[in-house]
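The structure under discussion appears below in the form of structure tokens.
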């Protein structure tokens, strides 16, 4: 006796195949990374820095409180500490944000300079 042909797997294959099409919307992770690339200033700080740094009694306590950093540090220092923190603070746990675009770094520095 022959076994009946199962149609269900073929239907599932037909349903899954369009999901692999390059014309489909990118997955949520890709959308989020594009969103993060577009973040600037305070939004970028909130997304990438606030979990470790406190500003005005909100945020993490791993890194220093940055509430007054704008009155204490110049823009070149802030840019370097964002891109290469271990050069200024050997042994720091702060990761280098060397993948930030120039625009992102400039806007993050502008935000930090406004913290006085």
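Given R₀ = 30 Å, what would the calculated FRET efficiency be for residue 77 paired with residue 51, taking r from the Cβ atoms and rounding to 0.05?
Details: r = 22 Å, r/R0 = 0.74.
Computed FRET efficiency for residue 77 and residue 51 comes out at 0.85.
Here the simple spin-label model places points 7 Å from the Cα toward Cβ, and for residue 93 and residue 61 these points are separated by 1.3 nm.
Find how much the distance from residue 68 to residue 106 grows on full extension, using 0.36 nm per residue of separation minus their present alpha carbon separation; answer in nm with one decimal. Mind showing how you got there, number by number?
Working: separation 38, 0.36 × 38 = 13.68 nm, distance 1.81 nm.
Between residue 68 and residue 106, full extension yields an extra 11.9 nm.
Ordering 88, 66, 115 by the number of other Cβ atoms within 10 Å of each residue's own Cβ, fewest first, gives 88, 115, 66. Under 1.5 on a/c is rounded, so check that first for segment 39-116, then, if it is not, pick prolate when a/b is larger than b/c and oblate when it is not; a ≥ b ≥ c are the square roots of the alpha carbon gyration tensor eigenvalues. It comes out rounded by the Cα gyration axes.
Coordinate-derived values only; no laboratory data. Owing to the predicted nature of the structure, the values given are computational and were not obtained by experimental measurement. Neighbour counts run over all protein chains shown; Cβ positions are idealised from the backbone, glycine included.
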